[in-house]
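The values are calculated or read from the model by the stated rules, or taken from the named source; none is laboratory data. Everything quoted here is computed from the prediction, not taken from an experiment. No Cβ is skipped: glycine too gets one built from the backbone with ideal geometry, and neighbour counts run over all protein chains shown.
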Amino acid sequence: MEHKFGNENWTSLKLQALQKYLHFYNTALKQQHFTRHYIDGFAGIGRVTINTLGGERVIDGSAKIALETTPPFDAIHLIDASPSHTAALEELCAGHKHCEIRTGDANAEIMRLLDAIPWRQGHRAVLFLDPYGMEVEWQTLKAISATHAIDLWYLFPLAGLYRNAPKKLEALDAAKRAALTRCLGTSEWEQHFYSESPQQELFDDPAVTRMAEWRELLNYVQNRLDEVFAKVAKPLILPASGAPLFALFFAVSNPSPKAIALSMKAANHILNSQRPVQPDTPHKPCH
């Protein structure tokens with residue numbers, strides 16, 4: 001079975017970041033009395049076929065990376081909505097103890113899993129969200145943060161945000177509006193993204209246009225995550241050149257200053273090592 005998903009310019013970079021963090025995480029926590037979990041909401045089949053300049057190549061996907069992380073996780077939970085994907089994951093996990101496969105909607109399965117794990121009894125996790133589109137709901141993110149025990153890697157679909165927030169407000173139908181509200185957790189995004197165009201003619205009807213470009217959209221997402229999580233790193237924009245399609249976020253749910261400092265130091269080091277060497281452009285507020 002083949003799982004074609006992405007381009008070398010972003011797929012390999014996000015997986016490298018995840019791999020480095022999983023190794024750091026288990027190494028840092030191995031001497032502590034925590035039960036360490038890995039949770040993957042869109043696990044695929046364990047390998048990914050990506051486009052390269054020379055054609056195509058197959059690389060390890062997030063599930064296989066997690067299974068091969070050393071020191072190992074105590075429990076691995078792999079979720080995918082596709083029965084054929086989870087069948088492939090069952091084969092991948094053969095011989096691995098403490099590997100659980102779940103078939104279903106990522107939001108629903110993550111909620112069930114979060115409710116089943118006794119977080120206050122010494123359980124900790126890294127959770128990876130790499131959705132195919134805008135499937136991740138805001139309520140899921142809030143539930144992740146509420147555990148105070150999960151480090152989150154979230155590949156946010158900027159391209160999906162563009163598609164669902166068209167340039168002209170009149171093109172924003174009910175389905176797109178609902179998708180954005182589910183993803184961002186509020187309907188207030190509309191007043192931040194859209195305003196009357198200053199370029200309209202004097203006697204024209206007011207034209208309400210999305211004035212926010214990708215940096216303002218990105219900052220809005222960052223601000224929303226900042227409201228929920230204890231700490232959120234500056235995201236890695238992917239690909240590094242050309243139109244930005246994704247933003248790789250790292251967020252800490254544990255409010256402990258010590259936990260935040262340790263996790264953020266590692267995550268920022270990983271993210272910064274992936275950034276192109278160029279002068280940094282300061283974020284503009286989206287309000």
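If we keep just the residues of region 234-287 that are of a type in the set (Val, Ile, Thr) and surrounded by fewer than 13 Cβ atoms within 10 Å (Cβ to Cβ), which is modelled with the highest pLDDT? Lay out the reasoning, then the answer.
Of region 234-287, the ones of a type in the set (Val, Ile, Thr) are 237, 252, 260, 270, 277, 281.
Next, only the ones that are surrounded by fewer than 13 Cβ atoms within 10 Å (Cβ to Cβ) stay: 277, 281.
Working: 277: 65, 281: 46.
Taking the candidates together, the pick is 277.
Can you find a residue that is surrounded by 15 or more Cβ atoms within 10 Å (Cβ to Cβ), among the hydrophobic types (A, V, I, L, M, F, W, C) and out of contact with any strand residue (DSSP E or B) (no Cβ under 6 Å at 6 or more places or on another chain) anywhere in region 188-195?
yes
Which residue pairs have Cβ atoms closer than 7 Å, lie 6 or more positions apart in sequence or on different chains, and pair a first residue in region 218-235 that is within 19 Å of residue 134 (Cα to Cα) with a second residue that is surrounded by fewer than 16 Cβ atoms within 10 Å (Cβ to Cβ) and of a type outside the set (A, V, I, L, M)?
Once the first residue is within 19 Å of residue 134 (Cα to Cα) and sits in region 218-235, its partners that are surrounded by fewer than 16 Cβ atoms within 10 Å (Cβ to Cβ) and of a type outside the set (A, V, I, L, M) give 219/283; 219/284; 219/285; 228/142.
Can you give me the number of residues within region 148-187 that are under 30 Å from residue 262 (Cβ atoms) and touching a strand residue (DSSP E or B) at 6+ places or on another chain (Cβ under 7 Å)?
Applying the first criterion (under 30 Å from residue 262 (Cβ atoms)) to region 148-187 yields 148-158, 183-185.
Within this subset, residues satisfying the condition of being touching a strand residue (DSSP E or B) at 6+ places or on another chain (Cβ under 7 Å) are 149-158.
The qualifying residues number 10.
Residue check: is residue 255 more than 20 Å from residue 128 (Cα to Cα), in contact (Cβ under 8 Å) with a residue 60 or more places away in the chain and not in a helix (DSSP H, G or I)? Step through it out loud before you land on a result.
On the way: more than 20 Å from residue 128 (Cα to Cα): no; in contact (Cβ under 8 Å) with a residue 60 or more places away in the chain: yes; not in a helix (DSSP H, G or I): yes.
No; evaluated as a whole, the condition is false for this residue.
What are the pairs, 6+ residues apart or on separate chains, where a residue within region 44-55 that is of a type in the set (A, V, I, L, M, F, W, C) has its Cβ under 9 Å from a residue that is loosely packed, with under 15 Cβ neighbours inside 10 Å and assigned to a strand (DSSP E or B)?
48/4; 48/58; 50/4; 50/7; 50/56; 50/57; 50/58
Pairs under 9 Å by beta carbon, first residue under 11 Å from residue 106 (Cα atoms) in region 73-92, partner surrounded by fewer than 16 Cβ atoms within 10 Å (Cβ to Cβ) and aromatic (Phe, Trp, Tyr), six or more apart or different chains?
81/132
Restricting attention to region 132-173, report how many residues are among the aromatic types (Phe, Trp, Tyr), within 22 Å of residue 38 (Cα to Cα) and part of a helix (DSSP H, G or I). Can you show your working first?
Residues of region 132-173 that are among the aromatic types (Phe, Trp, Tyr), as a first pass: 132, 138, 153-154, 156, 162.
Now narrow it down to the ones that are within 22 Å of residue 38 (Cα to Cα): 132, 138, 153-154, 156.
If we keep only those that are part of a helix (DSSP H, G or I) too, we end up with 138.
Summing the residues that are among the aromatic types (Phe, Trp, Tyr), within 22 Å of residue 38 (Cα to Cα) and part of a helix (DSSP H, G or I) in region 132-173 gives 1.
Of all residues in region 14-30, which are assigned to a helix (DSSP H, G or I) and touching a Pro at 6+ places or on another chain (Cβ under 8 Å)? Can you show your working first?
Keep residues of region 14-30 that are assigned to a helix (DSSP H, G or I), which gives 14-29.
Answer for region 14-30, where residues must be assigned to a helix (DSSP H, G or I) and touching a Pro at 6+ places or on another chain (Cβ under 8 Å): 26, 27.
Out of everything in region 129-173 that is without any contact (Cβ under 8 Å) to a residue 24 or more places away in the chain and of a type outside the set (Gly, Ala, Ser), what residue ends up being surrounded by the fewest Cβ atoms within 10 Å (Cβ to Cβ)?
Let us first name the residues in region 129-173 that are without any contact (Cβ under 8 Å) to a residue 24 or more places away in the chain, namely 163, 171-173.
After this cut, where a residue has to be of a type outside the set (Gly, Ala, Ser) as well, the list is 163, 172-173.
Values: 163: 13, 172: 19, 173: 11.
Applying the filter and picking the extreme gives 173.
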